[in-house]
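K.L.:
Please find one structure pasted underneath; my questions will follow.
The values are calculated or read from the model by the stated rules, or taken from the named source; none is laboratory data. What you see is a predicted model, and the numbers here were worked out from it, not measured in a lab. Here the Cβ positions follow ideal geometry from the backbone for every residue, glycine too, while neighbour counts run over all protein chains shown. The area values use the complete protein model at the heavy-atom level, side chains included, leaving out ligands, DNA and RNA. Shrake-Rupley method; radii C 1.70, N 1.55, O 1.52, S 1.80 Å.
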Amino acid sequence: MDGYQRLTALVESAWEELNGSDAGRRDLCLDGVGDVLETGRLTPDDAERVVERLVTVALSDEGYPVRESALHAACTASTHYELPYRAVEPLAVGADGFEPLLLDYVLAILGSTHDRAALPIVERFLHHPHPAVRREAVNELRWSQGQGQEPTGTAQ
């Protein structure tokens with residue numbers, strides 16, 4: 001088994017663990033997926049498929065630690081791969097259902113696509129009641145406004 005096959009086998013093993021009832025094990029297996037993504041050695045297509053699965057987990061799992069691990073792994077992927085908006089678009093649809101601490105990940109993932117389709121979703125959070133969410137929205141909108149310019153909304 002070569003190095004690439006080992007990486008994909010680790011990911012497949014993690015997906016199998018996600019079917020278990022032990023939230024701690026599901027959380028740990030997602031950390032492993034994040035480690036694989038952090039290598040930057042998956043093909044773009046494989047990375048996109050992994051992120052799509054992570055997004056599904058983040059939107060569907062009932063356990064906060066599991067959802068956080070899924071979003072953390074997807075965020076890790078967004079720093080090593082150019083993810084298309086379509087791979088993370090379900091996060092945009094479900095963004096309002098996330099806790100403020102998880103919204104930082106959601107906004108970072110959406111912003112990392114650099115797709116204008118993400119802008120209206122991120123802009124909605126410029127007026128979020130939590131200051132950290134507003135700050136993250138401002139940070140993620142900077143790329144769309146050009147360097148050094150603030151988005152049109154306020155993030156007090």
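K.L.:
Six or more apart or on different chains, Cβ atoms under 9 Å: show the pairs whose first residue is in segment 80-102 and under 14 Å from ALA70 (Cβ atoms) and open to solvent by less than 60 Å² (accessible area, probe 1.4 Å) and whose second is outside any helix (DSSP H, G or I) and of a type in the set (A, V, I, L, M, F, W, C).
P.N.:
Taking only residues 6 or more apart or on different chains, the pairs are LEU91/PHE98.
K.L.:
Let me ask something else. Enumerate the pairs (first residue in segment 125-136 and over 13 Å from VAL106 (Cβ atoms); second residue anywhere and at pLDDT 95 or above and among the small types (Gly, Ala, Ser)) with beta-carbon separation below 8 Å, excluding pairs fewer than 6 apart on the same chain, so at least 6 apart or on different chains.
P.N.:
As it stands, the answer is LEU126/ALA137, since those pairs meet every condition given.
K.L.:
Tell me which residues, restricted to segment 1-35, are hydroxyl-bearing (Ser, Thr, Tyr) and either open to solvent by 80 Å² or more (accessible area, probe 1.4 Å) or within 12 Å of VAL57 (Cβ to Cβ) (or both).
P.N.:
SER21
K.L.:
Do the conditions hold for LEU141, that is, is it over 20 Å from GLU52 (Cβ atoms) and under 14 Å from the mean Cα position of the chain (by Cα)?
P.N.:
no
K.L.:
How many residues does segment 42-55 hold that are in contact (Cβ under 8 Å) with a residue 12 or more places away in the chain and loosely packed, with under 14 Cβ neighbours inside 10 Å?
P.N.:
The total comes to 1.
K.L.:
Can I ask one more? Among the helices (runs of 4 or more DSSP H) confined wholly to segment 5-116, which include 2 or more residues that are modelled with pLDDT of 95 or more, out of contact with any Ser or Thr (no Cβ under 9 Å at 6 or more places or on another chain) and aliphatic (A, V, I, L, M)?
P.N.:
On the way: elements: 23-39, 44-60, 64-80, 85-94, 100-112.
Of the helices (runs of 4 or more DSSP H) lying wholly inside segment 5-116, those with at least 2 residues that are modelled with pLDDT of 95 or more, out of contact with any Ser or Thr (no Cβ under 9 Å at 6 or more places or on another chain) and aliphatic (A, V, I, L, M) span 44-60, 64-80, 85-94, 100-112.
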